[in-house]
Amino acid sequence: MNELTVKHNELTAEEFILLWETVWGQGPSLKQTELAMKNTLFRVSVYDNDTIVAMARMIGDMGLDYYIKDVVVRPEYQNKGIGRMLINELMKFINENGITGTDIFVELCAMPDKIPFYEKLGFSANEAQRLKIMHRVE
C-alpha cells in the first residue's frame, strides 16, 4: 500500500461500479449510477496512486437527516483504517454543512458482520426494521 489520497466529489460512475463489484457482485447500470452520482450530496473516494480502493457517499436533506450509503473498501485494503477515514470524512461534511447547535439524524444500513465496526464509531441499532422493495421501472 502506497500513499493514499482522499478526494471529495470526484468519484465517477465507472469507479463506483468497479468498487461495487469488488464486494457485492454485479453492479447497477452506468446510466443509473451516473444519475446517482449527480444527485449525491457528498462523495468521498480513496486512491492508492491511481487505483480507487474505497468510497462512500452521503445522501439526505441537509437539515434533519443524512444517510450514509455505499461504504466500500476493496477487500485487500480492509482492516487498515480506510473505512474509519471514510466515515470521518462524511461526518466532517455534516459538521461543515449542518446547522450549528442542532442534532442531526445520521443513518446507515450495515451487513451483520460490519455492525461491530460501525458500533466502534458510535453508531447503534434501534428497534426499527429496514424494509425494502426492488421496484422495476418500466
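For this structure, a couple of remarks:
- Here Gly25 clears all of (1) open to solvent by less than 40 Å² (accessible area, probe 1.4 Å); (2) within 27 Å of Asn2 (Cα to Cα); (3) not in a loop (DSSP other than H, G, I, E, B) except the condition numbered (3).
- Options Arg43, Arg74; residue that is over 10 Å from the mean Cα position of the chain (by Cα) and under 20 Å from Thr5 (Cβ atoms): Arg74
- Per the conditions (1) open to solvent by less than 60 Å² (accessible area, probe 1.4 Å); (2) of a type in the set (A, V, I, L, M, F, W, C); (3) farther than 27 Å from Asn2 by Cα, the sole criterion not satisfied by Leu35 is (1).
- Test: residue in region 46-61 that is free of Cβ contacts under 8 Å to residues at least 12 places away in the same chain, open to solvent by 100 Å² or more (accessible area, probe 1.4 Å) and outside any strand (DSSP E or B): yes
- Verdict on Tyr77 being in contact (Cβ under 8 Å) with a residue 60 or more places away in the chain and among the hydroxyl-bearing types (Ser, Thr, Tyr): yes
- Region 1-19 - residue that is of a type in the set (A, V, I, L, M, F, W, C) and open to solvent by 60 Å² or more (accessible area, probe 1.4 Å) and, of those, farthest from the chain's Cα centre (by Cα): Met1
- Test: residue in region 69-92 that is in a strand (DSSP E or B) and either modelled with pLDDT under 95 or open to solvent by 40 Å² or more (accessible area, probe 1.4 Å) (or both): yes
The values are calculated or read from the model by the stated rules, or taken from the named source; none is laboratory data. The structure displayed is predicted, hence computed values, not measured ones. Glycine also receives a Cβ, built like all others from the backbone with ideal geometry; neighbour counts cover every protein chain displayed. Surface accessibility is based on the protein's heavy atoms, side chains included, excluding ligands, DNA and RNA. Shrake-Rupley method; radii C 1.70, N 1.55, O 1.52, S 1.80 Å.
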